[in-house]
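Everything on this sheet refers to the single structure shown next.
Just so it is clear, none of the values below were taken in a lab; they were calculated from the coordinates. From a predicted model like this one, the values you see are computed outputs, not experimental measurements. FYI the Cβ positions are ideal-geometry reconstructions off the backbone, even for glycines, and counts take in every protein chain you see.
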Amino acid sequence: MTVTVLNTTPEYVEFIKSKDLSVIHFFAPWAEQCKQINDVLEEMISLTEYKKVKFAMIEAENLPEVSLKAGIAAVPTVLLYKDEEIIDRIDGVNPALLIEKVKKHLTTQDSTQADVVSPKDILEAKLKKLINHAPCMLFMKGNREHPRCGFSRTMVALLDSYRTDYQTFDILQDNAVREGLKKFSNWPTYPQLYINGELIGGLDIVKEMSDSGDLDSMLPKKIVSQDRS
């Protein structure tokens, strides 16, 4: 790879749009100091530690509007960009400072990217935590004391008939969970019953399992205290 030469304003505008760290050297071909900076950039671009950095050079006098807007008063000047914004600069010949600043912003960039978690990932983590909140979890409209639909009321009555030890989550209180769980478990309706983090099904499935005798052994039971007096 070689350092990109930007000859036009559109090329410059396109180059600095990158979300990655971009380094541009404003130079003059007659200035001996600029050749030193070019050599440093060529060396950096050959190293794997800078593979996420984009390097370019602009002949300052050829693009006066760009140079003026970038605040170029003398050459060599190196500007560091991210998302079209100038985030740092090195005026004059200072290879050590140039390398130091590129490394600093590269580390910041990597740290920021590592910290970014998508809303989808956040919701998925929340759903996994919820379905594992208790050995038996019922996602319903309302709660066991106050069911807010007939299907949920029937499910609660069925679980209670087995003296099931279970917790409930009211989907009406959190629409993100309500919609997200449908996609997460590929089950479009409520209530939904989970045992040990696994979806058992909705009301019809649970009733079928109850009728067949398969449900009883799967459900965790409330501990009944015995009075020995």
Show me, for region 12-27, the HN-Hα J-couplings you get by feeding each phi into the Karplus relation (A = 6.51, B = -1.76, C = 1.60, θ = phi - 60°), rounded to Hz, glycine and proline as x. 5, 4, 5, 5, 7, 6, 4, 7, 7, 5, 10, 10, 10, 9, 8, 9
Amide H neighbours of R89 under 5 Å, at least 5 residues apart or on other chains, H built in the peptide plane: list them. L80
Qualifying chymotrypsin sites (Phe, Trp or Tyr not before Pro) for region 10-117 [loop in DSSP, other Cβ within 10 Å: at most 10]: W30
Here the longest stretch of the chain that holds no trypsin sites (Lys or Arg not before Pro) in a DSSP loop having at most 15 other beta carbon atoms within 10 Å is 53-147
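Once the Cβ-Cβ distance between E43 and S118 is put in as r, and R0 is 35 Å, what FRET efficiency do you end up with, to the nearest 0.05?
Between E43 and S118 the formula returns 0.45.
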Can you compute the charge dipole magnitude of the chain about its Cα centre, using +1 on each Lys and Arg Cβ and -1 on each Asp and Glu Cβ, nothing else charged? Give it in debye, rounded to the nearest 20. 1100 debye
Reachable lysines from K128, criterion Cα separation under 29 angstrom, eight or more residues apart if same chain: K120, K141, K182, K183, K207, K221, K222
A correct Karplus calculation of ³J(HN,Hα) over region 32-42, with 6.51 cos²θ - 1.76 cosθ + 1.60, θ = phi - 60°, whole Hz and x for Gly and Pro, returns 4, 5, 5, 5, 5, 5, 4, 4, 5, 5, 4
Stokes-Einstein translational diffusion, region 50-176 - Kirkwood Rh over all Cα pairs, 0.890 mPa s, 25 °C, in µm²/s: 121 µm²/s
For all pairs of alpha-carbon atoms in region 1-98, what percent lies in each bin of width 5 Å, listed from the first bin to the last filled one? 2, 14, 27, 28, 20, 7, 1
Computed over the chain: longest principal axis from alpha-carbon atoms vs helix 203-212 long axis, angle to nearest 10 degrees, is 50 degrees
Two pseudo-spin positions, 7 Å from Cα along C-beta at F151 and at V5, lie apart in nanometres by 6.8 nm
Which aspartates and glutamates have a Cα lying under 18 Å from the Cα of K54, excluding residues fewer than 8 positions away in the same chain? E11, E14, D20, D39, E42, E43, D83, E84, E85, D88, E100, D110
Calculated [θ] (222 nm, deg cm²/dmol) that DSSP helices of n ≥ 4 give over the chain, each run adding -39,500 (n - 2.57): -12500 deg cm²/dmol
Pair A74, K221: separation of 7 Å Cα→Cβ label points (nm): 8.8 nm
Which whole number in µm²/s is D for the chain by Stokes-Einstein, with the Kirkwood Rh taken over Cα pairs at 20 °C and 1.002 mPa s? 94 µm²/s
Under a straight-distance cross-link criterion of Cα-Cα below 24 Å, which lysines are reachable from K51, leaving out those fewer than 8 residues away in the same chain? K17, K19, K35, K82, K101, K103, K104
Compute the longest continuous run of the chain that contains no exposed GluC sites (Glu not before Pro); treat a site as exposed when its DSSP state is not H, G, I, E or B and it has at most 14 other Cβ atoms within 10 Å. 146-229
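What percent do you get for the relative contact order of the chain when only Cα pairs under 8 Å and 6+ apart count?
Reported relative contact order: 16 percent.
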